[in-house]
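The values are calculated or read from the model by the stated rules, or taken from the named source; none is laboratory data. Treat the numbers as computed from the prediction; the structure is a model and nothing was measured. Note that we place each Cβ from the backbone using ideal geometry, even for glycine, and neighbour counts take in every protein chain shown. Keep in mind that these areas ignore ligands, DNA and RNA; they rest on the heavy atoms of the full protein, side chains included. Shrake-Rupley method; radii C 1.70, N 1.55, O 1.52, S 1.80 Å.
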Amino acid sequence: VTQRVRAAWLAPPLLLFALPIAAAMPVAVWQGLSGSAWSALAIDSQLPRALLLSIGTAVVSTLASLALTLWLVTHLYGGRAWTLLARALGPLLAVPHAAFAIGLALLVMPAGVMARVVALALGWSAPPDWPTVNDANGIGLTLVLIGKETPFLLWNAVALLTRPELALQLRGWLASGRTLGYGDGALWWRVLWPLLLPRLAWPVLAVLAYGLTVVDLALIVGPASPPTLAVIAWQSLQDAEAPRNAEGAAMALLLAALLLLCVVVFALLAAGLRRAWRSRATGGQRSAVVHSRVALARSVLWALLALYAVVALLLAASSLTGVWTFPSLLPQSWTGGAWQQVRESLGTVGLSAALGLLATFAALALVLLWFEATPPSWDRRVVPLVFAPLIVPSLLLMVGLYTLALPLRLDGSVTGLA
């Protein structure tokens, strides 16, 4: 009875979270079903290239992030580096996506720090033509997505593997495999990952959805002519003309359909590879621990941490940079003009901070209410609802939410944004 009373406390805030999402989706789908909008899309010359860029950057970055995550966990689990990884993921995830993209661009762009270091060694007088930022093939966008989504998948893997009941089982499985002459790497790939990968399906799907529909990173480091489909959709939704808005809604719906198609294709490929994986896993060939791979995994972890540290340092230094001509490694002058502009915009900064704090504390309160009021058996039931805002293309969700906000007079307001 007490648990039912506690669950009743949870109903109002849970509905506050769930109802807008549930109501926005059919509204957004309806907005995107305009026949004239789809006719305009069919003759848009940018569409084929934009589709390829969206799918390519999203799929490649997702597969690369997943592969890097699995490889690092396989070779670091249980060692000192694993503890370092678990502690470092929080600060890495706290770095905003846009800030990471800008910092990485400052590092790898044709006139960036890496090019300046090489220029000093080779005597270059002009920046090289490196396809690293705003390149036509989306290489820069793919690299940024890998850099930001790998810590997210690692965080989910760490959260999964540190569950007390699973951690105990893992130690037993690894000990049993060692007594049979198998190295830890072989045990992970033959036995453990086939068991654990399905539990990472939701986070991987969230990464794929984000890569397919990301706008801010694509504007900063992505291709421009044409951009990704998400950027074109965002630009259309920003237009003052209703037909262009309808095209943007149709593109957002198309992105949702592309996400569903990718999921179906991945499911079919996984089913086809399962038999080959099982044949390989049960082949009986033993393999010992390869210490060079463990050392390499540690080096990759340190490289990832160093990359984030360099990005933060470059962001801080660039905020004070004045004249900085190529190929000089250090700026010719420093200035605090940029920070003066920030000081003159404290109202905007304060509003952003207030919205962030409000959203954070509201989410924290809802999570604590959930943990306090519900039995653990409810957790699995709520997973689709929790991941819905991460998996549903954000542009499509925003189309529905904005349409719902109009009659409630919440559009363009701090309350509506909160």
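Some values worked out for this structure:
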read-out	value
Solvent-accessible area per residue for the chain (1.4 angstrom probe, square angstrom)	55 Å²
Choice from P384, P164, P226 with maximal GNM fluctuation in the chain (Cα, 10 Å cutoff)	P164
Value of Rg to Rh for the range 89-182 (Rh from inverse mean 1/r over Cα pairs, i.e. Kirkwood)	1.24
Exposure of E165 as accessible area (Å², to 10), given a probe of 1.4 Å and all protein chains	110 Å²
The range 390-402 - phi-based ³J(HN,Hα) in whole Hz, Karplus 6.51/-1.76/1.60, Gly and Pro as x	8, 9, 5, x, 4, 4, 5, 5, 5, 4, x, 5, 5
Environment charge at H75 (Cβ cut-off 10 Å; Lys +1, Arg +1, Asp -1, Glu -1)	+1
GNM result for the chain, Cα springs below 10 Å: residue of A405, A354, A316 fluctuating most strongly	A354
Virtual paramagnetic centre 7 Å along Cα→Cβ of S125, amide N under 20 Å, in the range 304-335	324-330, 332
The range 30-166: translational diffusion in µm²/s, Stokes-Einstein, Kirkwood Rh over Cα pairs, 25 °C, 0.890 mPa s	135 µm²/s
For T179, solvent-accessible area (1.4 Å; no DNA, RNA or ligand), Å²	120 Å²
Full-stretch length increase - T335, L160 - with 0.36 nm per residue and alpha-carbon distance subtracted	58.3 nm
Computed lengthening from S352 to V414, 0.36 nm per intervening residue step minus Cα-Cα distance	21.3 nm
Sequence of S328, S65, S45 when ordered by accessible area, the most exposed leading, probe 1.4 angstrom	S45, S328, S65
Stretchable slack from A359 to A64, in nm (0.36 nm times residue separation minus alpha-carbon distance)	103.1 nm
Computed FRET value (nearest 0.05) for L315 with D135, which takes r as the C-beta separation and R₀ as 25 Å	0.70
Residues W277 and T83, FRET efficiency given R0 of 41 Å [Cβ-Cβ distance, rounded to 0.05]	0.85
Listed residues G138, G336, G222, most fluctuating in the chain (Gaussian network, C-alpha, under 10 Å)	G336
